[in-house]
Amino acid sequence: MNDLANNSMSAPSTSNRLDFNTPAMQRKRRTRALKDRLARWYVSIGGLAVLAAITLIFFYLVYVVLPLFSGAELEAREAQQPSWLTGQNEALLLAVEEQNKVAMRLDRSGLVQFFSLKDSAPLNSLQLALPAGASIASVSQDQPGSRRVALGLSNGQVLVFQHDYTVSYPDNVKTITPSLSYPFGATPLVLDAHGHAIEHVAVSENDDTLLISASSGAELQLLSITREENLMTGETSLDEQRIVLPQIAEPIKAMVIDPRQQWLFVINGKATADVFDLRENSLNGRYKLAHGDAEVSTVSALLGGISLMVGDSQGGIGQWFMVRDADGKAALTHIRGFKLGSAPITQILSEERRKGFMALDADGRLGIFHSTAHRTLLTEKVADGAAVAALSPRANRLLVESSGQLQRFAVHNPHPEISWSALWGKVWYESYDEPKYIWQSTSANGDFEPKMSLAPLTFGTLKAAFYAMLLAAPLAICAAIYTAYFMAPSMRRKVKPVIELMEALPTVILGFFAGLFLAPYVEGHLPGIFSLLLLTPVGILLAAYGWSRLPERIRLLVPDGWEAALLVPVILLVGAGSLGMSGYLENWFFGGDMRLWISNDLGIAFDQRNALVVGLAMGFAVIPNIFSIAEDAVFSVPKSLTFGSLALGATPWQTMTRVVLLTASPGIFSALMIGLGRAVGETMIVLMATGNTPIMDMNIFEGLRTLAANVAVEMPESEVGSSHYRVLFLSALVLLSFTFVMNTLAEVIRTRLRKKYASL
């Protein structure tokens, strides 16, 4: 009876039993299932959206960057044979004005014909003021961008004229009126007193000084004309001065005067250039311009007049300019070469706004090139034989006269200055002594040669990341290991949030602090900073050794895991002592100024905003990322592994190094990679604390410029669609690709580490 009673009391009644099939419970399960499905779809769609956004960003960057590497295009317009061209003399010179509306043609009789570029309709015909009985023997233009023309006459004289184009708006209609002017007088200048024909002529105007060189056979003449204006009367006077230079033994083929009027290049013989120093009126040297059987066929100056473009009889084109050696002596040096075909080069047309040029050979083949990028953009046949061509100032129109016809071409060549060699290789720029990696995208000079090497920016990015990780990685990883494995739980709950809170500090504040306070402070306390970096670990080790020598009863007064708190006063004491002794150390060992000692005695350049400052500031910004992830990885190691190792007789240190670290290594590696990615992509700190000097030097005392900082600095000022604009997008693409590759490698390595140590 008692057993029955007990059984009846222990068994639950059906009335008290929970019913899970009630309508309310069914609704609750349906609601929960719906929420689970929504959450799953929400997370899936969000993840796919993030991947899609990153993919779209990548393809958009590629879309913007791809036009940089496209070649040039020529679009031929209908050939024209205007009636006014029939029966005229051979064309000596063609030119096109700025708006691509009016063209000019000069023939051997001195007739200047202005006509419409669109339909070749005649606009104006003017006869140059040639002396009676004289004809044009040679013609030369001033530097690209100038409309000055010098004509060598058959009587030993030279006539300098200029073709101008005036824009007006009568009745709100844009009208371009061509005209001729004689800036140095309509009377030709006498160059050859014996009346020999001027076979070759060159002209250069610098400020109010006109320099003309002329040749008859091997006889060289040089005349300097200075124009002076009377401030009282407004009258202009010309002062002529003949310059005597050493004579040349071989017949002269061509001459070029540089715009600064320092060098006169005289091409003579088959392929020889005599270079004269016009400041000393002496011969600088004689140089061979071609090899083998090749002869010089034409010479032209590139934009700015520093480079000579030399075409030869075998279709080759060489770029030459003056380079100073270690002793300071300038020598004409071959920089790079181009190849158009096998026919002789007859004409070289330099662009007026870029370092590009076009070349025309005797077979009518045209080549479009760029000197700095060392790039051949197009080779195409535009005529059936010898021709005369003109390139518009904007380099988007080409006019060719051949066999009595005028052929017009639209030129599409938006980004000739970009090539893989110009972006990543050493480039020999004008006025430099050797090839270098340089980033200098803009200049106030219109003759500027763009220098868009991404090598110093990529180097600066890796340099900043290296010094930041050099400081952050050891501190963050060691702190994470100690916090997760050795520190008392109560102390860990206080320390970890404080370190993670450092990540909330805006990087612009860190950059502002580093640039305005830390940089000058480090410069003024260099001995103290280095003493702090060296003495801090020594002080910690000495404090640990002293602690281990104390009696056990004293050491037991500190709870287990709280020993790290005793290092706070040690670090503060070492820091105060190091910085306080900085001035004394500077006086004792560095003559009172360590910066001057580094610069003068060691020969190491020193900038106030340098990689040391970046390493300190950016290392501080990266530490929380690495610490948080690494600490979670170490703390997440199962306690059973730790207890099992200790139970088998291993010490805590052995357990940590041989069990815990190996198990947590995938997470620690991920922390380092994420920290490296943060350092590579950092913008504001390097922007405000480095000086933004794009140089390639591992010197910790010099500045740098990173890809991210460069984009932030120059993107607001770049012209949309320009080469500069697209190269900045290429910088972003390089940064994105680098981050993608690093993350992919990190994931591969992390997966392998996880598989390797999964059995622990």
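The values are calculated or read from the model by the stated rules, or taken from the named source; none is laboratory data. What you see is a predicted model, and the numbers here were worked out from it, not measured in a lab. Because the Cβ atoms are built from the backbone with ideal geometry, glycine has one as well, and the counts that use them run over all protein chains shown.
Annotations for the structure displayed:
- Subset of the stretch 356-367 [in contact with a Pro (Cβ under 8 Å, 6 or more places away or on another chain) and surrounded by 20 or more Cβ atoms within 10 Å (Cβ to Cβ)]: 356, 361
- Residues of the stretch 611-639 that are of a type in the set (Val, Ile, Thr) and free of Cβ contacts under 8 Å to residues at least 24 places away in the same chain: none at all.
- Some residue of the stretch 351-361 being over 18 Å from residue 394 (Cβ atoms) and among the small types (Gly, Ala, Ser): yes
- If only residues of the stretch 634-682 that are among the charged types (D, E, K, R) and in a helix (DSSP H, G or I) are counted, the one that is surrounded by the most Cβ atoms within 10 Å (Cβ to Cβ) is 678.
- Count - residues of the stretch 108-156 that are of a type in the set (Phe, Trp, Tyr) and either exposed (fewer than 14 other Cβ atoms within 10 Å of the Cβ) or within 30 Å of residue 194 (Cα to Cα) (or both): 0
- For the stretch 222-239, filtering for residues that are surrounded by 11 or more Cβ atoms within 10 Å (Cβ to Cβ), of a type in the set (Ser, Thr, Tyr) and over 44 Å from the mean Cα position of the chain (by Cα) leaves 1.
- Test: residue in the stretch 487-507 that is outside any helix (DSSP H, G or I), farther than 28 Å from residue 629 by Cα, under 49 Å from the mean Cα position of the chain (by Cα) and not hydroxyl-bearing (Ser, Thr, Tyr): no
- Selection count where residues are at pLDDT below 90 and surrounded by 15 or more Cβ atoms within 10 Å (Cβ to Cβ), scope the stretch 248-258: 1
- Of all the listed residues (577, 615, 619), the sole one being over 30 Å from residue 753 (Cα atoms) and in the same structural domain as residue 663 (by TED's automatic domain parsing) is 577.
- Test: residue in the stretch 428-436 that is in contact (Cβ under 8 Å) with a residue 12 or more places away in the chain and closer than 30 Å to residue 84 by Cα: no
- Residue within the stretch 240-247 that is hydrophobic (A, V, I, L, M, F, W, C) and surrounded by 13 or more Cβ atoms within 10 Å (Cβ to Cβ) present: yes
- Residue pairs meeting the criteria (Cβ under 8 Å; at least 6 apart or on separate chains; first in contact (Cβ under 8 Å) with a residue 40 or more places away in the chain, in the stretch 111-124; second in a strand (DSSP E or B) and of a type in the set (Phe, Trp, Tyr)): 122/114; 122/115; 123/114; 123/115; 124/114
- Search result, residues across the stretch 522-554 that are aromatic (Phe, Trp, Tyr) and either loosely packed, with under 15 Cβ neighbours inside 10 Å or touching a Lys or Arg at 6+ places or on another chain (Cβ under 6 Å) (or both): 545
- Selection count where residues are within 28 Å of residue 88 (Cα to Cα) and either surrounded by 20 or more Cβ atoms within 10 Å (Cβ to Cβ) or free of Cβ contacts under 8 Å to residues at least 12 places away in the same chain (or both), scope the stretch 368-396: 7
- Given (1) of a type outside the set (Val, Ile, Thr); (2) assigned by TED's automatic domain parsing to the domain that holds residue 629; (3) modelled with pLDDT of 90 or more, number of the condition residue 677 does not satisfy: (3)
- Filter result (of a type in the set (A, V, I, L, M, F, W, C) and touching an Asp or Glu at 6+ places or on another chain (Cβ under 7 Å)) within the stretch 270-291: 271, 283, 290
- Number of residues in the stretch 327-349 that are of a type outside the set (D, E, K, R), within 27 Å of the chain's Cα centre (by Cα) and farther than 27 Å from residue 385 by Cα: the value is 3.
- Residue count for the stretch 421-437, restricted to those that are under 12 Å from the mean Cα position of the chain (by Cα) and either over 26 Å from residue 331 (Cα atoms) or surrounded by 19 or more Cβ atoms within 10 Å (Cβ to Cβ) (or both): 5
- Inside the stretch 705-745, residues that are polar (S, T, N, Q) and under 15 Å from the mean Cα position of the chain (by Cα) make up a count of 6.
- The stretch 584-606, subset assigned to a loop (DSSP other than H, G, I, E, B) and free of Cβ contacts under 8 Å to residues at least 12 places away in the same chain, residue nearest to residue 695 (Cα to Cα): 603
- Any chance residue 277 is under 36 Å from the mean Cα position of the chain (by Cα), assigned by TED's automatic domain parsing to the domain that holds residue 155 and surrounded by fewer than 21 Cβ atoms within 10 Å (Cβ to Cβ): yes
- Cross-chain or 6+ apart pairs with Cβ under 9 Å, the stretch 232-256 first and under 24 Å from residue 306 (Cβ atoms), then among the basic types (Lys, Arg) and not in a strand (DSSP E or B): 253/270
- Restricting the stretch 139-188 to residues that are touching a strand residue (DSSP E or B) at 6+ places or on another chain (Cβ under 6 Å) and of a type in the set (Asp, Glu), the residue that is farthest from residue 222 (Cα to Cα): 164
- Residues that are out of contact with any Asp or Glu (no Cβ under 6 Å at 6 or more places or on another chain), crowded, with 18+ Cβ neighbours inside 10 Å and not aliphatic (A, V, I, L, M), drawn from the stretch 689-713: 690, 692, 694, 701, 705, 706, 710
- Of all the residues in the stretch 690-730, those that are modelled with pLDDT of 95 or more and among the polar types (S, T, N, Q) number 0.
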